[in-house]
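A short worksheet on the structure shown next.
The values are calculated or read from the model by the stated rules, or taken from the named source; none is laboratory data. None of the values given here were measured: they were computed from a predicted structure. Methodologically, a virtual Cβ is constructed for each residue, glycine included, from the backbone with ideal geometry; neighbour enumeration extends over all protein chains shown. What goes into the accessible areas is simple: the full protein's heavy atoms, side chains included, and nothing from ligands, DNA or RNA. Shrake-Rupley method; radii C 1.70, N 1.55, O 1.52, S 1.80 Å.
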Amino acid sequence: MRTLLILLMCLPGYSFAASGGGKGVPTPTQTTKSCWGVRVWDDKEKRCVRPKQSSLDSDQLYGAVRELAYAGRFQDAQGVLRAMVDQSDDRVLTYWGFTHRKLGNIALANAFYNQAIALNPNNILARSYMGQGFVEDGRPAQALAQWRQIRARGGIGTWAELSLRAALETGQGFSY
């Protein structure tokens with residue numbers, strides 16, 4: 001299994017981001033280097049501010065959520081999620097699910113993933129994260145079903161597909 005995981009990591013595109021492809025692991029910014037608690041770095045202010053008081057747009061706040069989640073700061077990531085205007089955005093729902101799963105709230109995580117998928121059936125990231133949760137929860141059949149959905153929806157070779165496949169093979173999910 002470790003050999004397969006190593007081979008997967010050598011594939012082009014393996015470092016695809018949690019978004020499904022292209023961005024890679026979030027690069028640490030001042031948000032994770034300098035800000036503590038539910039704060040984000042505001043370039044205009046040149047300081048850490050509360051997310052609702054920042055000049056960051058939705059995409060920038062989403063980037064801060066990803067960065068905080070990758071750093072293991074799940075409650076801080078949830079604080080930024082709370083500040084996002086469109087709580088029905090499938091990306092926001094996906095990260096609500098991710099952070100709740102990482103905090104051990106599996107049923108709530110799955111409710112958020114299901115909402116994200118209902119809004120966007122092609123949200124392969126939500127499918128991957130939900131599948132990884134199924135793996136961690138000892139439900140490989142449900143995880144395999146999500147992996148098949150990812151592949152059927154054009155996700156072959158994406159981070160979402162490869163990470164869920166690795167989780168199925170190793171029994172462990174990813175932290176981003």
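Annotations for the structure displayed:
- Taking one quarter of the surface of the convex hull spanned by the alpha-carbon atoms of segment 86-135 gives a direction-averaged projected area of 2.8 nm².
- Between Leu144 and Glu45, the distance separating the two model label sites (each 7 Å from Cα on the Cα→Cβ line) works out to 5.1 nm.
- Between Val85 and Leu108, the contour length at 0.36 nm per residue exceeds the alpha carbon distance by 6.2 nm.
- Accessible area, probe 1.4 Å, largest first, for residues Lys102, Lys44: Lys44, Lys102
- Compactness of segment 76-166 as Cα Rg over 2.2 N^0.38 Å, two decimals: 1.02
- The chain: relative contact order in percent, alpha carbon pairs under 8 Å with at least 6 residues between: 21 percent
- Gyration tensor over the Cα atoms of the chain: the corresponding equivalent ellipsoid has semi-axes (square roots of 5 times the eigenvalues, largest first) of 28, 17, 14 Å.
- Taking Glu161, Glu45, Glu136 as the candidate residues, the one with maximal mean-square fluctuation in a Gaussian network model of the chain, Cα springs under 10 Å, is Glu45.
- Using a probe of 1.4 angstrom and keeping all protein chains present, the accessible surface of segment 74-128 works out to 39 square angstrom per residue.
- Using alpha-carbon coordinates, inclination of helix 159-170 to the longest axis of the chain, degrees: 60 degrees
- Surface composition of the chain: carbon plus sulfur atoms hold 53% of the accessible area, using a 1.4 angstrom probe and ignoring ligands, DNA and RNA.
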